[in-house]
Amino acid sequence: MKGISAFLNAIFSSFKDLLPIIVVIGFFQLVVLQQPLPDAFSIFFGLILVVLGLTLFVFGLDMALFPLGESMAHALARKGSVFWLMVFSFLLGFGTTIAEPALTAVASKAAEVAGEGGIIEISQKAQDEYSIGLRLTVAVSVGFALMLGVLRILKGWPIHRFIIGGYILVVLMTPLAPQYIIGVAYDSGGVTTSTITVPLVTALGVGLATVIKGRNPMQDGFGLIAFASLAPILFVMFYGIFIR
């Protein structure tokens with residue numbers, strides 16, 4: 001009974017999280033546009049699926065991804081091998097990012113627009129190569145970002161120096177990069193921090209800061225997401241310069 005009660009509470013919580021979006025869309029559709037909802041049954045059924053999906057996703061994070069990430073971070077830290085910790089951090093960042101649905105969508109759309117704009121050939125092969133190149137660039141950048149972030153946790157370095165320095169590099173790189181890649185680069189920093197990447201990366205940082213003596217999980221455990229957001233901007237602008 002406790003499990004059923006917890007699941008029902010989670011469904012209600014997911015519905016409350018989505019309620020502002022529902023209210024805004026309903027207000028503009030019915031009051032501003034003064035039009036009925038198209039295919040109201042499909043929309044209502046889809047809304048139910050979204051609530052259930054969000055609920056199951058949160059349950060999955062609590063049951064699998066967070067515990068798995070923290071346990072692996074604990075084990076690697078106790079093993080005392082910085083090399084394997086760095087390898088794990090890079091592969092975790094690369095693997096979660098290359099599988100990120102948001103990145104796939106942005107890379108696919110960027111390739112399509114690049115073909116229409118004459119930047120690449122208007123062919124499926126050229127678009128696929130551009131898309132996979134962009135995805136690999138972002139994935140590699142997140143891998144290196146996590147390595148740097150984990151090294152920061154191990155050494156106890158202040159995070160603000162890295163973030164300030166990184167964004168100074170972004171500002172300096174922006175005039176040098178091709179104009180058509182700048183927007184894609186900035187968006188790439190956002191799509192890397194989505195449903196797959198965030199839970200595992202957060203668990204890694206908190207797990208390391210918890211097990212390493214002298215580290216505060218609240219102060220040192222968070223911040224890896226910021227590295228994962230910043231690095232793709234730089235790498236994608238470098239990618240734009242390279243393919244130009």
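The values are calculated or read from the model by the stated rules, or taken from the named source; none is laboratory data. Remember, predicted model here, so these are calculated numbers, not experimental data. Every residue, glycine as well, gets a Cβ built from its backbone with ideal geometry; the counts of neighbours run over all protein chains shown. Side chains are part of the model used for accessible areas, which takes the heavy atoms of the whole protein and leaves out ligands, DNA and RNA. Shrake-Rupley method; radii C 1.70, N 1.55, O 1.52, S 1.80 Å.
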Worksheet item: What's the local net charge at Val191, with K and R +1, D and E -1, over the other residues with C-beta under 15 Å away?
Response: 0
Worksheet entry | Summed side-chain charge close to Ala105 - residues other than Ala105 whose Cβ falls under 13 Å, Lys, Arg +1, Asp, Glu -1 | -1
Worksheet item: Taking Cα centroids, how far is the stretch 112-140 from the stretch 1-64 in Å?
Response: 35
Item to complete: Report in % the part of the accessible area of the stretch 167-243 that belongs to carbon and sulfur, leaving out ligands and nucleic acids; probe 1.4 Å.
Response: 71
Worksheet entry | Gap separating the Cα centres of the stretch 75-111 and the stretch 170-196, nearest whole Å | 18
Practice prompt. Quote to one decimal, in nm, the extra length available between Leu52 and Gln35 on full extension: 0.36 nm per residue of separation minus the C-alpha distance between them.
Written response: 3.4 nm
Item to complete: Restricting things to alpha carbons, find the Rg to Rh ratio for the stretch 1-128 using the Kirkwood radius for Rh.
Response: 1.13
Worksheet item: Using 15 Å as the cut-off for backbone N distance, which residues of the stretch 63-77 belong to the label zone defined by a point 7 Å from the Cα of Val211 along Cα→Cβ?
Response: 66-77
Item to complete: Work out the length of the dipole vector of the chain about its Cα centre, built from +1 on the beta-carbon of each Lys and Arg and -1 on the beta-carbon of each Asp and Glu, and round it to the nearest 20 debye.
Response: 980
Discussion item. To the nearest 20 Debye, how big is the dipole of the stretch 49-177 about its Cα centre, given +1 on the beta carbon of each Lys and Arg and -1 on that of each Asp and Glu?
Written reply: 660
Worksheet item: Which helices pass in the chain if a helix is a full DSSP H run, must span at least 18 angstrom along its long axis by Cα, and must have mean Kyte-Doolittle hydropathy not below 1.6?
Response: 40-60, 82-98, 159-173, 197-211, 224-243
Item to complete: Diagonalise the Cα gyration tensor of the stretch 1-50 and give the resulting equivalent ellipsoid semi-axes, square root of 5 times each eigenvalue, largest first, whole Å.
Response: 28, 12, 6
Worksheet item: Summing Lys, Arg as +1 and Asp, Glu as -1, what charge do residues with Cβ under 14 Å from the Cβ of Gly143 carry, Gly143 excluded?
Response: 0
Fill in: For the chain, alpha-carbon Rg relative to the globular expectation (2.2 N^0.38 Å, N residues)
1.19
Worksheet, complete the sentence: Stretched fully, the stretch from Asp17 through Val113 gains (0.36 nm per residue minus C-alpha distance, one decimal, in nm) 31.2 nm
Item to complete: Could you tell me whether the stretch 110-244 comes out rounded, prolate or oblate from its Cα gyration tensor? Rule is a ≥ b ≥ c as square roots of the eigenvalues, rounded for a/c under 1.5, then prolate if a/b exceeds b/c, otherwise oblate.
Response: prolate
Practice prompt. Based on alpha-carbon positions alone, could you give the equivalent ellipsoid semi-axes of the stretch 67-145 from the gyration tensor, as √(5λ), descending, whole Å?
Written response: 35, 11, 7
Response to the item:
Taking the dipole of the stretch 94-232 about the Cα centre (Lys, Arg +1; Asp, Glu -1; charges at Cβ), the one of Ala139, Ala177, Ala209 that reaches farthest to the positive side is Ala209
Worksheet entry | Accessible surface, the chain, averaged per residue in Å² (probe 1.4 Å) | 56
